[in-house]
Amino acid sequence: MLANEYNGFATFADVEDKELQAFNRGRVLCNMYVDNSENGKTNDKGFALIVGYFNRIPVAERASAQDQFLAAMKKEGLILAS
């Protein structure tokens, strides 16, 4: 079973509603980015947090979390480089 937190950040493993779970995860990822970036670039800590958090999400649920992360970033007016 997935731990319900990663480095103090909730993973929402206990949330049964998959849409809400993905939304919450996307918001946490966006917050990690915002809190650990400057001038549109994330620092090493932020990068490590984001990658580590994604690794704690089951593979089958990562795409929906990523979609919500990108939606949250867009809502904040932020764009990730591709």
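Applying a 10 Å radius around every beta-carbon, put 60-67, 13-20 in order of their mean neighbour count, most first.
With the highest mean Cβ count within 10 Å placed first, the list reads 60-67, 13-20.
Out of N39, N31, N55, any idea which swings most in a Gaussian network model of the chain, alpha carbons joined below 10 Å?
N39
Over the chain, what is the relative contact order in percent, taking alpha-carbon pairs closer than 8 angstrom and at least six residues apart?
Dividing the mean separation by the residue count of the chain yields 33 percent.
Evaluate the charge dipole of the chain about its Cα centre and quote only its size in Debye, nearest 20, assuming +1 on the Cβ of each Lys and Arg and -1 on the Cβ of each Asp and Glu.
Using Cβ point charges on Lys, Arg, Asp and Glu, the chain gives about 220 debye.
Please compute the modelled spin-label separation between A71 and V59, points set 7 Å along Cα→Cβ, answer in nm with one decimal.
So the two model labels end up 2.5 nm from each other.
Hey, what do the phi angles of the range 55-61 turn into as Karplus ³J(HN,Hα) couplings, whole Hz, using 6.51/-1.76/1.60 and θ = phi - 60°, x for Gly and Pro?
5, 7, 8, x, 3, 5, 9
A short reminder: the numbers here are calculations on the coordinates, not readings from a lab. These numbers were taken from a predicted model, which means no experiment stands behind them. Positions of Cβ are generated from backbone atoms using ideal geometry, with glycine treated the same way; all protein chains shown enter the neighbour counts.
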